[in-house]
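**Q** To start, I am sharing the structure in question, which I have written as structure tokens.
None of the figures in this text is laboratory data; all of them are computed from the coordinates on show. Not measured: the values here are computed from a predicted model. Glycine also receives a Cβ, built like all others from the backbone with ideal geometry; neighbour counts cover every protein chain displayed.
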Amino acid sequence: MSSDSRRDDGNLAKRLSSVKNVIAVMSGKGGVGKSTVTVNLAVGLASRGFKVGVFDADFHGPSIAKMLGVTEGLYGANDSLILPSGVRGVKVLSIDLMLPDKTMPVIWRGPMKGNMIKRFLSDADWGSLDYLFIDLPPGTGDEPLSIMQLIPSIKGIILVTHPSQLSEFIVDKAGNMAKILKIPILGVVENMSCFKCPKCGSTYNIFGEGAGEKIASYLKTVLLAKIPLDLEASKLADTGKPVILAGNNSEVEKAYDRLVDELIKIIDVKA
């Protein structure tokens with residue numbers, strides 16, 4: 001092992017020593033709203049007084065910073081990244097905050113991504129956190145593998161799906177990856193579970209139904225929440241305001257509040 005590698009390992013352990021709970025949010029499949037779930041969990045916990053951070057490990061499609069309304073990152077005198085707290089008290093680390101042009105693509109091969117994940121985690125000064133969420137990209141490749149191998153103290157993963165059979169099939173693979181690597185599965189979130197028409201009140205299962213329950217049963221874990229599809233949630237995300245803060249007592253807002261409560265209970269049991 002090189003001296004640089006040993007230094008990074010030591011820095012990583014030091015940086016994460018003051019983080020109580022590291023939780024990865026994973027789907028295996030794109031387009032299920034995994035980042036939306038991550039953001040609303042983070043903000044929901046912060047609003048309850050917890051110290052929270054989010055590491056956006058999706059280098060090719062980072063979205064966490066925009067969803068939280070964070071626009072820039074800072075560097076300290078010792079070249080460690082100082083993470084912006086923003087108006088919602090959530091510390092954020094994202095490649096998006098370091099690009100000179102927000103439209104610039106990140107074109108990296110697998111080894112580069114693994115090295116950068118290690119470097120980001122080693123150099124980020126999180127301070128004391130109750131929760132650090134890691135938003136993983138789709139798939140079961142370099143980024144999830146690097147995270148699961150680099151952080152042996154990871155509390156577990158949350159799997160996000162939507163109700164379709166296709167999503168169920170792919171998310172099962174992500175869950176099996178966690179099992180193979182002996183990472184606890186904290187539970188399943190079924191996003192876009194249904195849509196309630198605001199005019200007629202009828203409920204439609206646009207993406208199908210039942211995947212969340214089936215995945216939880218197959219992986220022997222719990223269904224943490226079923227989050228309904230909501231038009232306002234997407235609009236709010238575009239403006240950097242998570243729907244859990246909307247304050248309109250909508251079904252999706254209440255569902256996220258229940259999800260936050262469920263996660264707190266699970267972490268308390270595992271403590």
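**Q** Mind computing the radius of gyration and Dmax over the alpha-carbon atoms of the stretch 189-271? Å is fine for both.
**A** Final numbers for Rg and Dmax: 14.2, 45 Å.
**Q** Looking at the stretch 131-191, which chymotrypsin sites (Phe, Trp or Tyr not before Pro) are DSSP coil and have at most 15 other C-beta atoms within 10 Å of their C-beta? Mind showing how you got there, number by number?
**A** On the way: sites: Y131, F133, F169; in loops: none.
Here no loop site has a sparse enough neighbourhood.
**Q** So, one more: How would the stretch 174-235 be classified by its alpha-carbon gyration tensor: rounded, prolate or oblate, with rounded meaning a/c under 1.5 and the a/b versus b/c comparison settling the rest? Kindly include the intermediate steps, with their values, before the conclusion.
**A** Values: a/c = 3.59, a/b = 2.46, b/c = 1.46.
Prolate, because a/c is 1.5 or more and a/b exceeds b/c.
**Q** Give the order of R258, R109, R88 when sorted by the count of other beta carbons within 10 angstrom, beginning with the fewest.
**A** Working: R258 15, R109 8, R88 19.
Result, fewest neighbours first: R109, R258, R88.
**Q** Going down the list K29/K270; K118/K179; K91/K214; K226/K270; K113/K182, which pairs span over 26 Å between their C-alpha atoms? The partial results should precede the final answer.
**A** Details: K29/K270 28 Å; K118/K179 22 Å; K91/K214 34 Å; K226/K270 23 Å; K113/K182 22 Å.
Beyond 26 Å: K29/K270; K91/K214.
**Q** Here's a follow-up. What number results when the radius of gyration of the chain, computed over Cα atoms, is divided by 2.2 N^0.38 Å?
**A** Values: Rg = 18.0 Å, N = 271, 2.2 N^0.38 = 18.5 Å.
Compared with the compact-globule rule of thumb, the chain sits at 0.97.
**Q** Give me F59, F195 sorted ascending by neighbouring Cβ count inside 10 Å, so fewest comes first. Mind showing how you got there, number by number?
**A** On the way: F59 21, F195 16.
By the 10 Å Cβ count, ascending: F195, F59.
**Q** Oh, and also: Considering just Cα atoms, how many Å³ per residue does the convex hull of the stretch 125-271 enclose? The partial results should precede the final answer.
**A** Numbers: hull volume 20.5 nm³, N = 147.
Looking at the stretch 125-271, the number lands at 140 Å³ per residue.
**Q** Please arrange Y256, Y204, Y218 by how many other C-beta atoms lie within 10 Å of their C-beta, fewest to most. Don't skip to the end; give the middle numbers.
**A** Numbers: Y256 27, Y204 10, Y218 14.
If I rank by nearby Cβ atoms, fewest first, I get Y204, Y218, Y256.
**Q** Need one word for the stretch 92-163: rounded, prolate or oblate. Basis is the Cα gyration tensor (sqrt eigenvalues a ≥ b ≥ c); a/c below 1.5 gives rounded, then a/b vs b/c decides.
**A** Rounded.
**Q** Something else: Report, in deg cm²/dmol and to the nearest 500, the calculated mean residue ellipticity at 222 nm for the chain, where each DSSP H run with n ≥ 4 adds -39500 (n - 2.57) and the sum is divided by the residue count.
**A** Details: 9 runs with 108 residues, N = 271.
Result for the chain, helices only: -12500 deg cm²/dmol.
**Q** May I pose another question? Label point 7 Å out from K254 along Cα-to-Cβ: which residues of the stretch 199-232 have amide N under 19 Å?
**A** Output list for this probe position: 199-205, 224-232.
**Q** Sticking with this one: Of the beta bridges DSSP finds with both residues in the chain, what % are antiparallel, to the nearest 5? List each step's numbers first, then the result.
**A** On the way: 4 of 35 bridges.
Given both bridge residues lie in the chain, the antiparallel proportion sits at roughly 10 percent.
**Q** Expressed as a whole number of Å, what is the distance separating the alpha-carbon centroids of the stretch 188-211 and the stretch 15-43?
**A** The stretch 15-43 and the stretch 188-211 have Cα centres spaced 23 Å from each other.
**Q** What size of dipole, in debye to the nearest 20, comes out for the chain about its Cα centre when the only charges are +1 on Lys and Arg C-beta atoms and -1 on Asp and Glu C-beta atoms? Before the final figure, lay out the partial values.
**A** Working: 32 positive and 29 negative charges, 93 e Å.
In total the dipole reaches around 440 debye.
**Q** Quick one: angle between helix 251-270 and the longest Cα principal axis of the chain, in degrees between 0 and 90, rounded to 10, please.
**A** 50
**Q** Where is the GNM fluctuation largest for the chain (alpha-carbon springs, 10 angstrom cutoff): K199, K113, K155?
**A** Its mean-square fluctuation being the largest, the pick is K199.
**Q** Another question, then. Most fluctuating residue of S128, S35, S94 in a GNM of the chain with Cα springs under 10 Å: which is it?
**A** S128
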